[in-house]
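Asker: Got a structure here, written out as structure tokens. Questions coming.
Here, each number is a calculation from the coordinates, and none is a lab measurement. If you're wondering where the values come from, they're calculated on a predicted model, not measured in any experiment. Cβ placement follows ideal geometry from the backbone for every residue including glycine, while neighbour counts extend to all protein chains displayed.
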Amino acid sequence: MPKRIAITHAVVLPMDDAHSMIVDGAVVIDGDRIVDVGPSEQVMARLSTPAQQVVDASGKAIMPGFVDLHYHTALAKGWNDNLPLREWLDACWYPMVRALDREGVYWAALLSYSDSIRCGVTTVNDMYRQVEALADAATEIGIRAVLSNDVADSEFGLDTLDDARRVLETRQGIADGRVQIRVGVEWLPVASPALLKGVRALADEFGVGIHIHLNESLSEIELAKKRFGGLRPLEAAYEQGVLAEDCIAAHCIWLTDRELEMLARTGTHVSHNPVANAKLGNGVARVLDMIGAGINVGLGHDCAECNNSRDMFQNMKFASLLQRVTHTDAQLMQPAQVLHMATRAGAMALKQPTGEIAVGKKADLILIDLNNHMFTPLVPGNRDHLYSHLVFSAQRGCVDSTIVDGRFIMENRILLTVDESEILTQANRHFQRIAARIERGSERLG
């Protein structure tokens, strides 16, 4: 059960509007909430009730955990690799997700979530199949999860609106609210106007949000135009009422000025997924234009099958570098902006009280080990130097501990809620089983 925890003598990075830093800082957690933050000496002097656990975080930084805003549980990393999006979908993604069963998804989710926890991720926005199994895995491992079905028209052999309704009725708000359900849409080449209307109606009925892929590739745009009377994917989503403040649109690479204005006018949030976009050769999103238009843009890794890593540090680095090289300007997308995208922007998109170290916020936090090559040299008390290392130098191995809802789910790089060796063994076994099923031509049974 969550308890009162005092984390002291850390470099505290609250991710507030001022991008402040407390060099010798402390954070007090009571239950699932942050109840105090400030200089260590002052915080400990204010502590009226003794902490049940005091953590000396000397040599470490504490910051909000990452929000992975566009996420797919994955079991087949590196399988049928190095293909463009359309060919990769046909060779890898669709055969795998059609062949999935509940047990395979459960172990795939534990594999994915355990890896993300090691990367400092405290919240995932996961669209996949067999969502009941995802919810069970998220409940067990302790991560915060926003889950949605991979919904398409029935002819495509994915999930339906009936599947989405069932999960909303049975899994919404479980694990004391740590697991939330949204309505997911695969992408518009496998959708129809009637489906999009149904998605919006179902989301409104249950008061939940929508998670959808839009304008990811040029081929997707052409395929969607054939299904939607010449409308581009984002235009069609707008026409059917999908875009809104409760909607997260993934990718949005190929946007017209008109579509940018649609996103801004509706308050739709965007998940930018730079590593997956680059690996699939899809293009570089107009991130600067989106932010300039007032659109809230967060970061996602997409999935390990089209990214080959769940490391959000990589995604932060790529988010900056791709804009700099595209616009030939080394001053673009500075670390403070990118860190905001990876934390607060994602929390805002999901309407979660996380992404910032402040009194009253959920205690979803990570401890970063500064005593390694990634953070050496480090000018004491220099926030910009530390920010630079976090975005351009750091990798997943610097994450020492991960806290969700005031509970350590990884401490000193050891996962506390699951048997990691068993997860690796079972994930390998189920991948081989499902891959063999695909080889036998039974992928349509999923």
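Asker: With θ set to phi - 60°, apply the Karplus curve 6.51 cos²θ - 1.76 cosθ + 1.60 along segment 176-189 and write out the HN-Hα couplings as whole Hz, x wherever there is a Gly or Pro.
Answerer: Computed from phi, the couplings for segment 176-189 are 6, x, 6, 10, 10, 10, 10, 9, x, 10, 4, 6, 6, x Hz.
Asker: Mark the label point 7 Å from the Cα of Arg413 along Cα→Cβ and return the residues of segment 90-128 whose backbone N is within less than 11 Å of it.
Answerer: None, by backbone N distance to the label point.
Asker: Tell me, what is the FRET efficiency for Ser192 and Ala264 to the nearest 0.05, using R0 = 22 angstrom and their Cβ-Cβ distance as r?
Answerer: 0.25
Asker: Distance from a point 7 Å along Cα→Cβ of Ala278 to each backbone N in segment 314-350: keep the residues under 16 Å and list them by number.
Answerer: 314-335, 338-339
Asker: If r is the Cβ-Cβ distance from Ala45 to Asp384 and R0 is 35 Å, what FRET efficiency results, to the nearest 0.05?
Answerer: 0.70
Asker: Could you tell me which label, among [x] 23.0; [y] 27.0; [z] 22.0, carries the value of Kirkwood radius over Cα pairs in Å calculated for this structure?
Answerer: [z]
Asker: Counting other C-beta atoms within 10 Å, which of Val418, Val399, Val359 has the fewest, and how do the rest follow?
Answerer: Val359, Val418, Val399
Asker: Applying the Karplus parametrisation 6.51 cos²θ - 1.76 cosθ + 1.60 with θ = phi - 60° to the phi angles of segment 35-43, what ³J(HN,Hα) value in whole Hz is obtained for each residue in order, glycine and proline being reported as x?
Answerer: 10, 7, 8, x, x, 4, 4, 5, 4
Asker: Then there's this: Hey, got a sec? Which trypsin sites (Lys or Arg not before Pro) in segment 387-446 land in a DSSP loop and have at most 15 other Cβ atoms within 10 Å?
Answerer: Sites meeting the loop and neighbour criteria: Arg413, Arg440.
Asker: Quick one: which residues, 5+ away or cross-chain, put their amide H under 5 Å from the amide H of Leu214? H built at 1.01 Å from N.
Answerer: Ala250, Cys252
Asker: A further question on this structure: Suppose R0 equals 35 Å. What FRET efficiency, 1/(1 + (r/R0)^6) with r the Cβ-Cβ distance, do Ala201 and Gln432 give to the nearest 0.05?
Answerer: Calculated value: 0.30.
Asker: Can you tell me which of 103-116, 369-382 comes out highest on packing, and rank the rest after it, using the mean Cβ neighbours within 10 Å?
Answerer: Ranked by mean Cβ neighbours within 10 Å, highest first: 103-116, 369-382.
Asker: Could you list Glu261, Glu439, Glu220 in order of exposure, starting from the residue whose Cβ has the fewest other Cβ atoms within 10 Å?
Answerer: Fewest-to-most Cβ neighbours within 10 Å comes out as Glu439, Glu261, Glu220.
Asker: If you don't mind, there's one more thing I want to ask. Taking 0.36 nm per intervening residue step and subtracting the Cα-Cα distance, what contour gain separates Ala358 from Gln395 on full extension?
Answerer: 10.8 nm
Asker: Give the long-range amide H neighbours of Ala285: residues separated by 5 or more places, or on another chain, with amide H under 5 Å away, using H modelled in the peptide plane at 1.01 Å from N.
Answerer: Residues meeting the criterion, in which the H sits 1.01 Å from N, do not exist here.
Asker: Can you list residues from other chains, or at least 5 along the same chain, whose modelled amide H is less than 5 Å from the amide H of Leu147?
Answerer: Result for Leu147 returns Asp126, Gln180, Ile181, Arg182.
Asker: What whole-number volume per residue, in cubic angstrom, does the convex hull of the C-alpha atoms of segment 35-163 give?
Answerer: Enclosed volume per residue, from the Cα hull, is 160 Å³.
Asker: Quick one: length gained pulling Asp176 to His327 fully straight, 0.36 nm per residue minus the C-alpha distance?
Answerer: Length difference between fully extended and current span is 49.8 nm.
Asker: So what are the ³J(HN,Hα) numbers for segment 396-402, from phi and the Karplus equation (6.51, -1.76, 1.60; θ = phi - 60°), rounded to whole Hz, Gly and Pro as x?
Answerer: Per-residue couplings from phi come out as 3, x, 7, 6, 8, 8, 10 Hz.
Asker: Residues with beta-carbon under 14 Å from that of Asn372, excluding Asn372: net charge, scoring Lys, Arg +1 and Asp, Glu -1?
Answerer: Every neighbour counted, the sum reads +1.
Asker: Could you line up His272, His340, His385 from fewest to most neighbouring Cβ atoms inside 10 Å?
Answerer: Least to most surrounded, the residues fall as His385, His340, His272.
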